[in-house]
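The structure under discussion appears below in the form of structure tokens.
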Amino acid sequence: MSALRRTHTSSYSPSSSSPKSSWIHLRSLLIVASSPVPDRGSLRSPWSRRKRKHPLARHQWSNFFTSDGKLRDGGIKFLKKARIVGIDPSIRPEVWPFLLGVYDLRSSKAERNVVRAHRRKVYEKLRRRCWQLLNPGDDKLNEMDSPRVCESVCSSVRESLSIGQESSFSGTLDHVGHEETGTPGHVIVEENENSGITCADVDADADDTESSYSESSSDEEPSSTLMSPALRLSEADPKLAKIASSIGEIPKDSQRAENFTTWQRIMRLDAVRANDEWKIYNPSQVNVSRGKAIKFATCIGLKDYEHLEPCRIYHAARLVAILEAYALYDPEIGYCQGMSDLLSPVLAVVEEDHEAFWCFVGFMRKARHNFRLDEVGIRRQLSIVSKIIKSKDAHLYRHLEKLQAEDCFFVYRMVVIIFRRELTFEQTLCLWEVMWADQAAIRAGIGKSIWGRIRLRAPPTDDLLLYAIAASVLQRRKLIIEKYSSMDEILRECNSMAGQLDIWKLLGDAHDLVVSLHDKIE
């Protein structure tokens, strides 16, 4: 349009007799007439480099709270800040539980203390049940037996987290957490005489878990095979009471134990193979003694770790401990490869295992459909990426059609593990925090009108990840169109993006897509 302005102004040749003021006036009219009508797509991204500022610092974080520990204005300004500039690493352990729905944005300090103490107990009981399944012959469970030792080594119960020493940012009422965040907050696990918890108790928790996922799974197609009546999921929500037909009904306790044993074997292999990118983010875990690391690994039943340094042994044991607890907490999903990739950054940031567990539960509230055996959730997301590309760039989409790649299967890995292997560790945390801030805004009921009043034109969306994935493909449109003649070649290109992406440019491009296509796509 600027070229158009230059053409108009240069083609006009005022006569020498025309007053200078007339020329100036006419030029201004031409410029105004040729100026574009502002549209939503021309708005500058909140992640543009010019607007990048220092991440949310501790003093700013503290100022967001009232005297009774509540976030001011329901957390709106906090979410705006976290979304645009990110979070300083020093306060991530305190901020992440709010972004992930562990703590309600409207909760007070006292309310958060209550739920933190309760959820710590739930995690401890899940760990005791994991011990039982790992050691089925050990029925002498009392205060001096291994489960209590294991919990101590897991660091899920620490003196610094006693009720009298809680921080200012530590929890929310159970019923508030459930209703507002969708994260199960009122889970009550009854203790058995011997076992700590029973499978029936875990099933009861799964009912609450499944009902909390209704928002993220509401568009999935129901399967013809329902879960076992023991889970009572068909009564809670028929859409969620399903699994792939290859599994059939959820088995009784004996077969459940067999499934859990399979999960345990796979997660231990994945944990030992986990990389050590997290080391610079957790100095205390890096300096763990070999004796403590081996003690923890032995308690968890970890093997084949002799080649690892102590910090990696300890990290692997933490991965196993929390993944096992989650497999019991959400038995429909259990454990699938890739979940350890999502948990590892959480463990690098959150040192307390019970806090890390509930953060992972909050994370998986949206990500769990990535690991469903029927892959309905994955197909839905790939379909959205395809729609974004088709709406934004018809030429690229037609080329993908010729290659039979319009289903965008080549971004499968990006979707499943949320860009974890395409970004550096720090870039991953930045992207996830922006994504979580969007999701937290939606949970808190912050709609478009409120978002507009705080000058963030792109509305919050549950699918920011998908817009970012589409943006990464569109950034390579010329290469794909001119050089690639098969989906395999595009797949190799997407899998080789590691270290090549500019996270803030990616978010800026994703912002433009959200602004221009959000209403059409969603």
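Here is how the numbers come out for the structure above:
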read-out	value
Carbon + sulfur, % of accessible area of segment 314-423 - ligands and nucleic acids excluded, 1.4 Å	46 percent
Heavy-atom accessible area order for His307, His511, His54, largest first, 1.4 Å probe	His54, His307, His511
Solvent-accessible area of Trp263 with every protein chain in place, 1.4 Å probe, in Å² to the nearest 10	40 Å²
Per residue value of the accessible surface for segment 349-441 (all protein chains in place, 1.4 Å probe), Å²	30 Å²
Modelled FRET efficiency - R0 22 Å, Thr262 with Lys121, Cβ distances, 0.05 increments	0.20
Above-threshold pairs, the threshold being 26 Å between Cα atoms, out of Lys80/Lys505; Lys81/Lys121; Lys478/Lys505	Lys81/Lys121
Ratio Rg/Rh [Cα only; Rh per Kirkwood] for segment 289-431	1.08
Descending semi-axes in whole angstrom, ellipsoid equivalent of segment 305-373, from the Cα gyration tensor	21, 13, 10
For Leu56, residues with placed amide H under 5 Å, excluding near neighbours	Gly86, Ile87, Asp88
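The values are calculated or read from the model by the stated rules, or taken from the named source; none is laboratory data. A quick note: this is a predicted structure, and the numbers were derived from the prediction, not measured. Cβ coordinates were reconstructed from backbone atoms using ideal geometry, including for glycine residues, and neighbour counts include every protein chain displayed. Accessible surface is based on the protein model in full, side chains and every heavy atom, while ligands, DNA and RNA are left aside. Shrake-Rupley method; radii C 1.70, N 1.55, O 1.52, S 1.80 Å.
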